[in-house]
Structures are given as structure tokens and as C-alpha cells.
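Contents: one structure, followed by commentary.
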Amino acid sequence: MGDTRLPPVVLSEDERLTLESWARRRSTAQGLAQRAQIVLACARGWNNTVVAARLNTERKTVARWRTRFLRDRLDGLSDEPRPGVPRTITDAQVEEVVVRTLEQTPAGGTHWSKRELAKVVGISPASVLRIWHAFGLQPWRTETFKISPDPLLIDKIRDVVGLYLAPPANAAVFAVDEKPQIQALERTAPVLPMLPGVPERRTFDYVRHGTVDLFAALNTATGKVITKLSARHRAVDFRDFLDEIDRQTDPCLAVHVICDNLSAHKAPVVHQWLLAHPRFQLHFTPTYSSWINQVERWFAELERRCLERGVFCSLDDLKTALEGWIEVWNDEARPFKWTKTADQILDRICRYCDRISRPDH
């Protein structure tokens, strides 16, 4: 199957091993892997037509890489420089942008802007932004966190997450909390509606017509919410809300209530009520860990879709709006899906603790 008109391809042992490595490694670029296969096939004495047929490529492609290999050996299989504008940003400048962003701050500032950093490094602001995007850096952003000092942190996380991921049989699980001091705000001028190219506009000042507290119990299995409006959120108000949950829950079911460490939730009047209602059991979230209570996610929806842009001329208007939105929610209720296991949450907390305990912090 040889062709005497073609120069033979003879490989040294090192060349053969290198080509075989390129041909089978997944990390090798597909183009380089194919070229290695072409040269290995040519080394068997096959002509270009046979090699092209066996590797499902074109004959001229085989001829090109055979010629390149015979001329330049392994170096000939690399891509040739492509036409275009040469790189103007060096690797050292890229490294300087990343290092300064992560380890330094500008004089008199807390974080770099793209223009400040571009001036120091000697490149354009657009180039700084591209480097930030490439390395996933966002110096203009910041987030907050708080590590819980609760001595029962691990036990409480496992307890609450266990209720989400593996709820007990014949039981209802409710995530419960209060949203206090919801304000009935009326803007001092009418809201200007949205127009094409112009967002809705409202005045920054307002008149307050009073406040109301909202108790909410989110059924983690169905997404439905039991609510109660109250003028205050004392221990007796929380006890009365537990009565409401009791009335609206199948009497054959045990009831698990997830709540935070507010003193009203642990008051004697609540403890006495729990003794009289043995099917109820309270589960407390760790201190400073409201994020683990699913009802907080529901409160965020309430704020975004009902309260944030609402205009209420009286306290009655506010109550009517709240009751209306809650009714709509329950008509189309859907549960929030909890995905993190307790071990995943604890691992992340450990990583945070490790970072803030390092000497450079």
C-alpha cells in the first residue's frame, strides 16, 4: 500500500511516543490530535489517499501535514502564526492587573476602578475590564456575611435542613416568622407611569400612614402560607398565631414549626401553649441565620411584588393589598426547593472561617 513517489515518514522512538500521546490525550487540541494521527498513519507506509480515507479527512490535508512533518518534524505540527494585529498587552501587564486588584488598593480608595488601574498599569480601561472578566474579578461588588456564634450551630443546621430534605411522615412542616413594621407609604406626588424608553418614576419622599406586623407560616411541602396581621408582635401575638396554624392544619398531623430565636418565641406563655398542644414542636434556627428559614424567601417575594412599589393611602389600603396578594399567592402556591445538604452548608462555613482566620486578614 506504499507509494514510491512519496517520501517515507520514519519516526524515532521519542517522536512516536510523543505523537501517540498527542493522539490519545483528551486535553490535546483536536487539530493537533488529528495531525498526530495523520503522521502515525503515514509512518505505516500508507499513501495520502488511504490515510485520508481511514481518518475521514481530505487528501490535501494529509499531504500538507506529511510535508510539514518531514520539513520541521514535531515543530511543524504546531499552528502557524495567524494574520492580525499583534498582542499589545503583555503577560506581565495581565499579571499586574490581577495582583493589584486582589492584593492592593489605590491611594485614598477602598477598591480599584478600571480607569485608575489602567492609568497605573499603562493599558486602556477596556483592557482592564476584559482582564477582570477573564479572571472573574468584580471589585465594584461587595457582599455581607455573619458567622453564627451559636454553640448549637451544627445541631440546629442539621435539624432544620433535615426537615426540608427529609420531612417526617404524617407531619406538616412550617417555616414561621414575622415581618414587623410594614409601612403604609403614600408618595407626595402621583407616580408617573412607565413609557417606552422611560421607567416608572416616583418621588423619594412620602407620607406614612401607620404600620402593621405580618405573621406568616410557609408550608414547606405545598408552598401555601398561613398569615395573620397584627398591630404588634408580642409573645401573646405569636401564641395566637400558633392557634391559627392549629385551626388550619389537619388535626391528624404532627406540626413542626421552624422559627428564629426571638425572645417572644421562647416566652412562658408560648411554652405553656406548647404543653397544651403536644403535636406542635418548635425548631430554632441558629443565631444570625435567618437565611436558613424558607419563609424569608417568601417575604422577599412579598416585598418585591407587593410592597416595594406599592402606594398606600391608609393602613386599610395596605392591609387590603397584603391580603389580596397573599390570596393570589395561595391560589398558585408552589414550594421553594431546598437543595443544599447540611454537610455542604457546614463545609462552606468552614471555608469562610478558614479565610477570615488567616494572618493576612
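Remarks
- The stretch 33-50: number of residues that are open to solvent by less than 40 Å² (accessible area, probe 1.4 Å) and free of Cβ contacts under 8 Å to residues at least 12 places away in the same chain: 1
- Scanning the stretch 121-131 for residues that are buried (at least 19 other Cβ atoms within 10 Å of the Cβ) and among the charged types (D, E, K, R) returns no hits.
Each row is one residue, and each column tells you yes or no for (1) of a type in the set (Gly, Ala, Ser); (2) assigned to a loop (DSSP other than H, G, I, E, B).
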residue: 300; (1), (2): yes, no
residue: 305; (1), (2): no, no
residue: 316; (1), (2): no, no
residue: 337; (1), (2): no, yes
residue: 346; (1), (2): no, no
residue: 349; (1), (2): no, no
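- Of all residues in the stretch 8-28, those being within 18 Å of residue 52 (Cα to Cα) and either modelled with pLDDT under 70 or in contact with a helix residue (DSSP H, G or I) (Cβ under 6 Å, 6 or more places away or on another chain) (or both) number 3.
- Taken as a whole, the stretch 184-194 holds no residue that is modelled with pLDDT of 90 or more, touching a strand residue (DSSP E or B) at 6+ places or on another chain (Cβ under 6 Å) and under 26 Å from residue 223 (Cβ atoms).
- When 134, 118 are screened for being of a type in the set (A, V, I, L, M, F, W, C), without any contact (Cβ under 8 Å) to a residue 24 or more places away in the chain and open to solvent by 50 Å² or more (accessible area, probe 1.4 Å), only 134 passes.
- Pairs where the first residue, in the stretch 254-280, is among the charged types (D, E, K, R) and the second is in a helix (DSSP H, G or I), C-beta under 8 Å, 6+ apart: 260/290
- Residue 309 vs. criteria exposed (fewer than 13 other Cβ atoms within 10 Å of the Cβ), free of Cβ contacts under 8 Å to residues at least 60 places away in the same chain and among the charged types (D, E, K, R): no
- For the stretch 261-280, the tally of residues that are out of contact with any Phe, Trp or Tyr (no Cβ under 7 Å at 6 or more places or on another chain) and crowded, with 18+ Cβ neighbours inside 10 Å stands at 2.
- Residue pairs meeting the criteria (Cβ under 6 Å; at least 6 apart or on separate chains; first in a loop (DSSP other than H, G, I, E, B), in the stretch 90-113; second open to solvent by 60 Å² or more (accessible area, probe 1.4 Å)): 106/116
- Meeting the requirement of 2 or more residues that are within 25 Å of residue 324 (Cβ to Cβ), touching a residue at least 12 places away in the same chain (Cβ under 8 Å) and open to solvent by 80 Å² or more (accessible area, probe 1.4 Å), the strands (runs of 3 or more DSSP E) wholly within the stretch 170-251 are 206-219.
To keep it simple, each residue is scored yes or no on (1) modelled with pLDDT under 90; (2) surrounded by 18 or more Cβ atoms within 10 Å (Cβ to Cβ); (3) farther than 21 Å from residue 155 by Cα.
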{"residue": "282", "(1), (2), (3)": "no, no, no"}
{"residue": "318", "(1), (2), (3)": "no, yes, yes"}
{"residue": "321", "(1), (2), (3)": "no, no, yes"}
{"residue": "325", "(1), (2), (3)": "no, no, yes"}
{"residue": "329", "(1), (2), (3)": "no, yes, yes"}
{"residue": "339", "(1), (2), (3)": "no, no, no"}
{"residue": "355", "(1), (2), (3)": "yes, no, yes"}
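The values are calculated or read from the model by the stated rules, or taken from the named source; none is laboratory data. Computed from a predicted model, the values in this text were never measured in an experiment. We place every Cβ from the backbone using ideal geometry, glycine too, and count neighbours over all the protein chains shown. Only protein heavy atoms, including side chains, enter the accessible area calculation; ligands, DNA and RNA are left aside. Shrake-Rupley method; radii C 1.70, N 1.55, O 1.52, S 1.80 Å.
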